[in-house]
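**Student:** Got a structure for you, written out below as structure tokens; questions coming shortly.
What follows is calculated from the coordinates using simple rules that are stated; it is not laboratory data. Values in this document were obtained by computation on a predicted structure and should not be read as measured data. Please note: Cβ atoms are built from the backbone with ideal geometry, for glycine as well, and neighbour counts cover all protein chains shown.
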Amino acid sequence: MGFSAIRSSMSDKLVEVIHSNVIRLLREERLKRRISITALAERAGLSQAMVSFVESESRKPTLDTLLRLTRALKVDLATIIRRATQAALHGRD
């Protein structure tokens, strides 16, 4: 099943909840590692403003941005998305 088929089978609300959960999980990983936004931005090759915008959900990150952030945090993006989806579907982390 392709992404567009998955996307069309999900409600817009569910997609928004998954997105928020992905951002929350990335923020939690950053805080758990005691990495500042500035340090994460440097490691990811992003601006501090971009990381701040993503974490505050002012901007929706591109796949490239998500990959840079997860690489800098040394976490697997697929695992983050899976956890975010499970949390959205089951109302938990």
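Each row is one residue, and each column tells you yes or no for (1) more than 18 Å from residue 83 (Cα to Cα); (2) more than 16 Å from the chain's Cα centre (by Cα); (3) among the hydrophobic types (A, V, I, L, M, F, W, C).
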| site | (1), (2), (3) |
| --- | --- |
| 21 | no, no, no |
| 26 | no, no, yes |
| 29 | no, no, no |
| 32 | no, no, no |
| 37 | yes, no, yes |
| 44 | yes, no, yes |
| 47 | yes, yes, no |
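**Student:** Then there is this: Which residue pairs have Cβ atoms closer than 9 Å, lie 6 or more positions apart in sequence or on different chains, and pair a first residue in the range 38-52 that is more than 14 Å from residue 64 (Cα to Cα) with a second residue that is of a type in the set (Ser, Thr, Tyr) and outside any loop (DSSP other than H, G, I, E, B)?
**Tutor:** Qualifying pairs under 9 Å: 48/38.
**Student:** Within the range 41-76, how many residues turn out to be basic (Lys, Arg) and touching a Lys or Arg at 6+ places or on another chain (Cβ under 9 Å)?
**Tutor:** The total comes to 4.
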